[in-house]
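First up is the structure itself, then whatever we jot down about it.
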Amino acid sequence: MQQFPCPFCGLRDEREFHFAGEAGKPRPDTTQPISDADWAKYLFYCANAKGASHEVWVHTTCQEYFVMTRDTVTMAVLGTHALHEVPA
Amino acid sequence: MTRHFSTFSVIREGLKGHTGWAPLWRSPAPKDAYDIIIVGGGGHGLATAYYLAKNHGLKNIAVIEKGWLGGGNTGRNTTVIRSNYFYPESTALYDLSVRLYEGLSKDINYNVMFSQRGMMVLAHSDAEMEMAARTVNAMQLGGADAELLDARAVQKKAPVLNFRDDARYPIHGAIFQGRGGTGRHDAVAWGYARAADRLGVDIIQNCEVSGFLIEGGVCKGVETSQGLIKAGRVGVATAGHSSDLAAMGGYKLPLHSYALQAFVTEAIKPFMDTVAFSPMTGSYFSQSDKGGLVIGGGLDRIPSYGQRGNVPVQETVLSGIIDMAPALAKVKLLRHWAGIVDVSPDSSPLIGPSGTDGIFINCGWGTGGFKAIPAGGYLFAHLLATGTHHDISRPFDPDRFQTGHLIDEASGSGIAH
């Protein structure tokens, strides 16, 4: 089994983690009119990067969401940080 | 040189020591320009080239493949062919594929070994039996064959399945599609390649696309490891790597790439002559002509481009198989591998313009691309030749993510991809 580092709990078994989505995809400003294209982009479209990918994950045992940067080819973890932290 | 396969040519070549067989396809150097270039020499790409030449009379076509023909998902899947979907749009698409498969060996003069041994989707409770009846009705309304089997009929067809009293998932019945079955995956790639080559299509292997030539917002060709090749239109059929090509071509796709794992056991005596799938565990298996059991299951849990397996999904798939057929607990695995599949938000494929003029896409088949090869090629060829959709591919245009006309087979037929 692979181990993923939770920023709050440390290294834990991969089965405790759930992929939530790509990071850096803010919800459109719903106080303004939003085009169908923009909604589709937000809801469905993604970079699906080959190589380094910034993603939001949840550690299901502590229920904390965090950002993990991962190499999608080798599965190596390149870094994790809590959602409110800005990476150095 | 003997090109056509027939009883007569086999006997004649046998008498001559099999020295006169022509290679199945040429390996030409790429020309400077083609009318249509297809990126990806898997089943969909090769079928597209074949139908472009056969149905639309186009001659100046190239298929560009970064590795070898059928070296991606076409050679990695579990070879199941079926059209047991829920929505009429899906049934029209996948049943076109089954119909084309039924005539394919004759059409391309190459035995793709399509064995219509039937496919069973098991139901494990009374509620699931009601949903199974709904699917059977939907399939029949859509024009596909479907039968609702009770437990006794399932046991007659596949006595090796788990009918014990203490079964975790007792079998109440199944959706049976008798025209479904399995094919020989390599033969589909090789057969389409050979047939396309004979109609003048250039198949260029070991030629990796590194970028698109875009002039004034319009794609005019592809940059490759064998130099720049110009094209009137470019069709991209690269399955799990479609998003990678999209980044090069300046368009975006609503896809996630996942590894999908498969397994083959050691060869055993004839054990089961149909395909059985249990939606409860996501596992399914069939027996190949060689005797090995071909086993598949659900997607990996995490998006990835790594073409290899991992333990958590292996455990899920194999424990599901043992639950379905406990006699398999001691059978040894011979091989295990993974391919990268591209999964769309509504679990239905994408056929249409890419968003960059001159580039068209055929992707998003998820875990079920193999069964759709003939239809994918047929419809993509229509799109590339005419610039407009065939009626059957129209609902699968990527514009459905803006209009909201999703074809949600994940909830419709409970199929994972």
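A short reminder: the numbers here are calculations on the coordinates, not readings from a lab. Just so it is clear, the structure is predicted and the values come from calculations on it, not from any experiment. Cβ atoms come from the backbone with ideal geometry, glycine included; neighbour counts cover every protein chain shown.
Under a crude label model (7 Å from the Cα following the beta-carbon direction), how far is residue A:81 from residue B:150 in nanometres?
Roughly 6.5 nm, to one decimal.
Might you report the magnitude of the Cβ-based charge dipole of the protein assembly as shown about its Cα centre, with Lys and Arg at +1 and Asp and Glu at -1, to the nearest 20 debye?
1820
Let me know the shape class of the stretch B:84-154, please: from the alpha-carbon gyration tensor, a ≥ b ≥ c as square roots of the eigenvalues, rounded when a/c is under 1.5, otherwise prolate if a/b is greater than b/c, or oblate. Please report the intermediate quantities before stating the final value.
Working: a/c = 3.68, a/b = 1.77, b/c = 2.09.
Cα axes put the stretch B:84-154 in the oblate bin.
Kindly write out, for the stretch B:110-124 in residue order, the coupling ³J(HN,Hα) from the Karplus curve 6.51 cos²θ - 1.76 cosθ + 1.60 (θ = phi - 60°), rounded to whole Hz, with x marking Gly and Pro.
Ordered by residue, 3J(HN,Hα) equals 8, 6, 8, 6, 6, 10, 7, 8, x, 9, 10, 9, 6, 10, 10 Hz.
Name the aspartates and glutamates eligible as straight-distance cross-link partners of residue B:156: C-alpha to C-alpha under 16 Å, and not fewer than 8 places from it in the same chain.
Reachable aspartates and glutamates: B:147, B:273.
When the gyration tensor of chain B is built from Cα positions, what are the square roots of 5 times its three eigenvalues, in whole Å, from largest to smallest? Please report the intermediate quantities before stating the final value.
Values: eigenvalues 253, 130, 77 Å².
Sorted largest first and rounded, they come to 36, 26, 20 Å.
For residue B:330 and residue B:394 in one chain, what is 0.36 nm times their gap in residues minus the Cα-Cα distance, to one decimal in nm?
Extending this stretch completely gives an extra 18.3 nm.
What per residue convex hull volume, in Å³, comes out for the stretch B:1-148 when only alpha-carbon positions are used?
It is 171 Å³ per residue.
Near residue A:50, which aspartates and glutamates are there with a Cα under 14 Å away, not counting those fewer than 8 places off in the same chain?
A:22, A:71, B:244, B:342
Rounded to the nearest Å, what's the spacing between the alpha carbon centres of the stretch B:68-128 and the stretch B:28-52? Just the number, please.
23
For the protein assembly as shown, give me the percentage of DSSP beta bridges that are antiparallel, rounded to the nearest 5 percent.
Counting DSSP beta bridges with both partners in the protein assembly as shown, the antiparallel share is about 75 percent.
How high is the relative contact order of the stretch B:303-417, in percent, with contacts defined as C-alpha pairs under 8 Å that are six or more residues apart?
Here the relative contact order equals 26 percent.
About the Cα centre, and with charges only on the beta carbon of Lys, Arg (+1) and Asp, Glu (-1), how big is the dipole of the stretch B:60-125? Nearest 20 debye, please. Don't skip to the end; give the middle numbers.
Details: 6 positive and 5 negative charges, 41 e Å.
Charge dipole, the stretch B:60-125, about its Cα centre: 200 debye, nearest 20.
Could you tell me what fraction of 2.2 N^0.38 Å the Cα radius of gyration of the stretch B:81-239 comes to, as a two-decimal ratio? Could you put the intermediate results ahead of the total?
Values: Rg = 22.0 Å, N = 159, 2.2 N^0.38 = 15.1 Å.
Here the Cα radius of gyration is 1.46 times the empirical estimate.
What helices does chain B have that are whole DSSP H segments, at least 15 Å long along their own axis by Cα, and with mean Kyte-Doolittle hydropathy of 0.5 or more?
Both cut-offs are met by B:311-324, B:373-386.
Run the quick spin-label model on residue B:117 and residue B:33: label points 7 Å from Cα toward the beta carbon, then report their separation in nm to one decimal.
Simple spin-label model gives 5.1 nm for this pair.
List the cysteines of the protein assembly as shown that have no other Cys Cβ closer than 4.7 Å: which are they?
So far as the 4.7 Å Cβ criterion goes, A:46, A:62, B:207, B:219, B:363 stand without a partner in the protein assembly as shown.
Once Lys and Arg get +1 and Asp and Glu get -1 on their Cβ, which of A:28, B:193, B:62 lies farthest toward the positive end of the dipole of the protein assembly as shown?
Result: B:193.
If each Cα of the stretch B:333-394 is one equal point scatterer, what is log10 of I(q)/I(0) from the Debye formula at q = 0.13 Å⁻¹?
-0.40
What lysines could a cross-link reach from residue B:59, if we take a straight Cα to Cα line under 18 Å and drop same-chain neighbours fewer than 8 places away?
The reachable lysines, counting only those whose Cα sits under 18 Å from residue B:59, are B:31, B:230.
What does the highest-first list of B:313-325, B:4-16, B:40-52 look like by mean Cβ count within 10 Å?
Result, highest mean first: B:40-52, B:313-325, B:4-16.
Expressed as a rounded percentage, what relative contact order does the stretch B:210-273 have, with Cα pairs under 8 Å and six or more residues apart? Don't skip to the end; give the middle numbers.
On the way: 55 pairs, mean separation 13.2, N = 64.
Computed over the stretch B:210-273, the figure is 21 percent.
Mind jotting down the distance between the C-alpha centroids of the stretch B:181-243 and the stretch B:262-288, whole Å?
Each part reduced to its Cα centre gives a spacing of 33 Å.
Residue B:56 versus residue B:106, label points 7 Å from Cα toward the beta carbon: distance in nm?
2.7
Pairs to check: A:25/B:252; B:54/B:252; B:157/B:269; B:220/B:252; B:269/B:330. Give those whose C-alpha atoms are more than 26 Å from each other in this structure.
Working: A:25/B:252 14 Å; B:54/B:252 31 Å; B:157/B:269 17 Å; B:220/B:252 19 Å; B:269/B:330 14 Å.
Beyond 26 Å between Cα atoms: B:54/B:252.
Return the FRET efficiency for the residue pair residue B:213, residue B:19: r is the Cβ-Cβ distance, R0 is 56 Å, and the value is rounded to the nearest 0.05.
Efficiency at R0 = 56 Å is approximately 0.80.
Restricting to Cα pairs below 8 Å that are 6+ residues apart, what does the relative contact order work out to for chain B? Please round to a whole percent. Working shown, then result.
Numbers: 982 pairs, mean separation 93.1, N = 417.
Across chain B, relative contact order equals 22 percent.
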